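**Student:** Could you have a look at this structure, given as structure tokens, before my questions?
Since every read-out is calculated from the coordinates, none of them should be taken as a lab result. Bear in mind that the values here come from a model prediction, so they are computed numbers and not experimental data. For neighbour counting, all protein chains shown are included, and Cβ atoms are generated from backbone atoms with ideal geometry for every residue, glycine included.
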């Protein structure tokens, strides 16, 4: 009889440890989920342009289509290999000028960011170069895919960037500095 009560006691302790372990894991998951939650309010298909904490403008793909469109055939060289593209895009300078033509003279640098956190920078002198920096919204006439694989993303390309590392996919924000 003594052995049975010891076995029952060990079983109860094991169950209690298991339940506590599961609760602990759920708490860890909840904490990491909270920490990884996007608090910026940025979403694909919309480009927010700001200077410091001030939002200067925002553009949807429909807004960009109203600006001057350019068809741009190019090969992107990246770590994943070379991809041939036929982009439909708008010059970044046209986007900035639609907000305020003085922006290109008032700021020296732009930091661009994708929804995945990938960040790249470019000098305003690159934006001022003809046929160089574009905001892309289609490839071969089809909308760019979001990170989740749906239609409706944006991308920045810098034509004079030999290797394409500064070509930000899933573009959501630009900060003028």
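**Student:** Which whole-number value in Å³ per residue fits the convex hull of the alpha carbons of the chain?
**Tutor:** Numbers: hull volume 28.0 nm³, N = 177.
Convex hull of Cα atoms, per residue: 158 Å³.
**Student:** Could you work out which residue, out of 21, 45, 57, moves most in a Gaussian network model of the chain, that is, has the largest mean-square fluctuation with Cα springs under 10 Å?
**Tutor:** 21
**Student:** For the chain, set up a GNM with springs between Cα atoms under 10 Å and report which of 122, 42, 26 has the largest fluctuation.
**Tutor:** 26
**Student:** Taking every DSSP beta bridge that has both residues in the chain, what percent is antiparallel when rounded to the nearest 5?
**Tutor:** Values: 39 of 42 bridges.
Roughly 95 percent of the DSSP beta bridges within the chain come out antiparallel.
**Student:** Just to be sure I understand the model, the point goes 7 Å from the Cα along the line to the Cβ. What's the resulting residue 60 to residue 123 distance in nm?
**Tutor:** 3.7
**Student:** Add -39500 (n - 2.57) for each DSSP H run of 4 or more in the chain, then divide by its residues: what number comes out at 222 nm, to the nearest 500 deg cm²/dmol? Display every interim value, and only then the final one.
**Tutor:** On the way: 5 runs with 58 residues, N = 177.
It lands at -10000 deg cm²/dmol.
**Student:** Here's another thing I want to ask about it. Please work out the FRET efficiency for the pair residue 80 and residue 151, using the Cβ-Cβ distance as r and a Förster radius of 22 Å; give the result to the nearest 0.05. Please report the intermediate quantities before stating the final value.
**Tutor:** On the way: r = 21 Å, r/R0 = 0.95.
Taking R0 as 22 Å, the efficiency between residue 80 and residue 151 is 0.60.
**Student:** Let me see the P(r) profile for region 116-177: every Cα-Cα distance counted, bins of 10 Å, each bin given as a percent of all pairs.
**Tutor:** Cα pair-distance distribution for region 116-177, in percent: 21, 52, 25, 2.
**Student:** Over region 46-176, what relative contact order in percent results from Cα pairs under 8 Å that are six or more residues apart? Write out the running numbers ahead of the final one.
**Tutor:** Numbers: 267 pairs, mean separation 37.3, N = 131.
About 28 percent, as a whole number.
**Student:** Report the full-extension gain for the segment residue 26 to residue 131: residue separation times 0.36 nm, less the Cα-Cα distance, to one decimal in nm.
**Tutor:** Working: separation 105, 0.36 × 105 = 37.80 nm, distance 5.20 nm.
Between residue 26 and residue 131, full extension yields an extra 32.6 nm.
**Student:** When the chain is modelled as a GNM with alpha-carbon springs shorter than 10 Å, which of 167, 68, 11 fluctuates the most?
**Tutor:** Of 167, 68, 11, the most mobile in the Gaussian network model is 11.
**Student:** For the pair residue 107 and residue 142, what calculated FRET efficiency results from E = 1/(1 + (r/R0)^6), where r is the Cβ-Cβ distance and R0 = 35 Å, to the nearest 0.05? Mind dumping the intermediate values first?
**Tutor:** Working: r = 33 Å, r/R0 = 0.94.
Once rounded, the FRET efficiency stands at 0.60.
**Student:** Please list, in order, the residues from region 87-121 whose amide nitrogen is less than 11 Å from a point placed 7 Å along the Cα→Cβ vector of residue 51.
**Tutor:** Flagged as within label range: 100-109.
**Student:** Let me ask something additional. Roughly how many nanometres apart are two label points built 7 Å out from the Cα toward the Cβ at residue 10 and residue 160?
**Tutor:** Reported label-point gap for residue 10 and residue 160 is 7.6 nm.
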